[in-house]
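These notes are about the structure you will find just below.
Bear in mind these aren't lab numbers, they're just calculated from the coordinates by the rules spelled out. From a predicted model like this one, the values you see are computed outputs, not experimental measurements. Here the Cβ is made from the backbone with ideal geometry for all residues, glycine too, and neighbour counts use every protein chain on show.
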């Protein structure tokens, strides 16, 4: 049995109908619904895969306001998690990635009765913040080796190793698929392209069984929910939230429009001659 | 009005701008040279303004890389610190984090770099990484080790003296922060710019130094210097100390994949954005048809890679993928014709397409920002435009070699 953790994030729902943009093209946060972030959901799929293939206890953690329990509930639906942890305290507010990692580290160390976590999963990056820094920084603070952009993995239970494929994308180079092995424990961020593959009948059966169990658990998800604040996590207030953040947001401005670089001919769609010239241009580029 | 209530004397604790270089098997990743170009520009201005002699320091790790050092000098580095070892052949996060952190904090290395470094040296003043599959994670773990601040995905940098008044940093007092790196980061929509600062806590209750001021830089944004083979610089070899614990991750195999989406071999790129939203599935099918007629590769704007629409899985997997994104978060292209379908033209997108020879955009908003980069703007909804243009093309050339 493995002990697995997933750290997740509540994010704006970017799907059409739920997302709302201001007239200037910026996100209207007040009008946009929040959900479990899509990258967090992929990390949950990966943890569930590990549970089905190896057997595992799963604990989910998130830092956020009390409403972030929606994200935990959605994560439980995917993973059939045994434990949900909400790290919520006004002193955590305004944290940058380093101060967030401090809280997540403390939270992970308390998961599953303080037992050693074998693999921590996290999403590639949040859709709204998009820094992609919180995962690796949490890994570093935990002292776990970090594997990023994982697109496929399996666990060798006898050797206690993870064998993983990573997608490395670099400007000006063909993509690299790198196969690595790492002894447990390890911290993994899952690439958005990850898709679990279940190719044994026993895995399919386990999938159905645990998803059904997850459905029942989710109906009473509060029974699985533990809430922590700064005091119960035993974090030093100087290292979390705004006081523990090296960085601040100094200002936010609209990106100035670049100078017009081309003379633009505006064409009306009714103008068939103009449309014909566009067609000719496209035929003979 | 600045209240000098706290001493802001640095006493030589910080010095120089370190650029962490990336390469694949000894071939430099272009962002490394772009970072050196920007570092050179910033440090030259800095030295002139503050009457200093701080340096651009390139840090490069690997195996068989001594030939890179001179190249880095020709692209703007004053000093190259390189660590050469079989264990550093492939980029591995843990060991690279340790070695870079050692180099950054070693006061002997600092003295070799700048003989005028004081014994009080503890950290680089500034630090740059590439915002890509290697640098994004490496910057995170290095700055976690150095316990300082990091801004990601930066596309503009300014050094200035700032008067800051902040509840926590300064306890509400106004304090001057000299030589502060303003790090500009475009948000995901491409319409907002956030300036991130990494500031020491000068509030006596939470007093703490936060240096280096570090960021990861978007590839393709800054210009590399024209290489000057006559440029002089110094090359320092660093012998890293390894802990066996840090070498446990093994790279078993590496495979290079040909890019699935090859924009460069197409004369026309047809991209679509949120303008497809009225009838997304239908519009994408029409775009697919058009692109076959004119032999175009299909691109998308960044918001579409987040899959905002309910679409069939086959369309999602084929089109709504990061590999197709044009812009600073994706590919930078320069086709003969760029066709922008329902793309409003966020700055990040424009950066990816503005080198195109000829730009035709289709937008229902005649004043959308894309206009400034368009040679022709067809003022129409794309669901109205697509059937008409397909019809028109088929009238002119009923059969094409590109049709299936």
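Restricting the count to DSSP beta bridges whose residues both fall in chain A, what percent are antiparallel, rounded to a multiple of 5?
40 percent
Mind telling me which of B:349, B:166, B:23 comes out most flexible in a GNM of chain B, alpha-carbon contacts under 10 Å?
Taking springs between Cα atoms under 10 Å, the residue moving most is B:166.
Out of all DSSP beta bridges with both ends in the protein assembly as shown, state the antiparallel percent to the nearest 5.
If I count the DSSP bridges inside the protein assembly as shown, around 40 percent turn out antiparallel.
Highest GNM mean-square fluctuation, chain A, Cα pairs closer than 10 Å: which of A:22, A:34, A:229?
Its mean-square fluctuation being the largest, the pick is A:22.
If packing is taken as the average number of other Cβ atoms within 10 Å across a peptide's residues, how do B:64-75, B:112-123 rank, most packed first?
For the peptides B:64-75, B:112-123, the packing ranking is B:64-75, B:112-123.
With a point put 7 Å past each Cα toward its Cβ, work out how far residue B:288 is from residue A:209 in nm, to one decimal.
Simple spin-label model gives 4.0 nm for this pair.
As a footprinting exposure proxy, order B:193, A:140 by other Cβ within 10 Å, with the fewest listed first.
Going from sparsest to densest Cβ surroundings: B:193, A:140.
State, to one decimal in nm, how far the label point of residue B:312 lies from the label point of residue B:355, with both points 7 Å from Cα in the Cβ direction.
3.6 nm
Rounded to two decimal places and with Rh computed the Kirkwood way over Cα pairs, what is Rg over Rh for the range B:101-171?
1.02
Which of these, B:371, B:306, B:250, has the largest mean-square fluctuation under a Gaussian network model of chain B (Cα springs below 10 Å)?
Sorting by GNM fluctuation, first place goes to B:250.
Enter the mean number of other protein chain beta carbons within 10 Å of the beta carbon of each residue in A:172-184, as an integer.
6
For the pair residue A:226 and residue A:251, what calculated FRET efficiency results from E = 1/(1 + (r/R0)^6), where r is the Cβ-Cβ distance and R0 = 51 Å, to the nearest 0.05?
According to the calculation, E is roughly 0.85.
Average partner chain C-beta neighbours within 10 Å, per residue of B:364-373?
Across the residues of B:364-373, the mean count of other-chain Cβ atoms within 10 Å is 3.
Treat each spin label as a single point 7 Å out from the Cα along the C-beta direction, and report the residue A:67 to residue A:174 distance in nm.
Result for the modelled spin labels: 4.8 nm.
Taking neighbour Cβ counts within 10 Å as the exposure measure, how do B:34, A:83 sort from fewest upward?
A:83, B:34
Roughly how tilted is helix A:272-283, in degrees to the nearest 10 and between 0 and 90, from the longest Cα axis of chain A?
It works out to around 60 degrees.
For Cα pairs less than 8 Å apart in space and 6+ apart in sequence, what is the mean separation divided by the residue count of the range B:14-247, i.e. the relative contact order in percent?
Relative CO of the range B:14-247 lands at 27 percent.
Take the Cβ-Cβ distance between residue A:21 and residue B:120 as r, set R0 to 56 Å, and report the resulting FRET efficiency rounded to the nearest 0.05.
Working from the Cβ atoms, E equals 0.65.
What order do you get for A:149-158, B:95-104 when each peptide is scored by the mean count of other beta carbon atoms within 10 Å, highest first?
B:95-104, A:149-158
Would any residue of the range B:288-318 have its amide N under 17 Å from a label point 7 Å out along Cα→Cβ of residue B:258? List them or say none.
Within reach of a label on residue B:258: B:297.
Ratio of the range B:263-396's C-alpha Rg to 2.2 N^0.38 Å, to two decimals?
Expressed relative to 2.2 N^0.38 Å, the Cα Rg reads 0.94.
So what is the calculated 222 nm ellipticity per residue for the protein assembly as shown, using -39500 (n - 2.57) for each DSSP H run with n of 4 or more, over all residues, to the nearest 500 deg cm²/dmol?
Taken over the protein assembly as shown, the calculation gives -9000 deg cm²/dmol.
Let me make sure I get this right: for the protein assembly as shown, a, b and c are the square roots of the gyration tensor eigenvalues over alpha carbons, sorted descending. Under 1.5 in a/c it's rounded, otherwise prolate if a/b > b/c, else oblate. Which is it?
oblate
How well do other chains shield peptide B:130-139, expressed as the mean number of their Cβ atoms within 10 Å of each residue Cβ?
6
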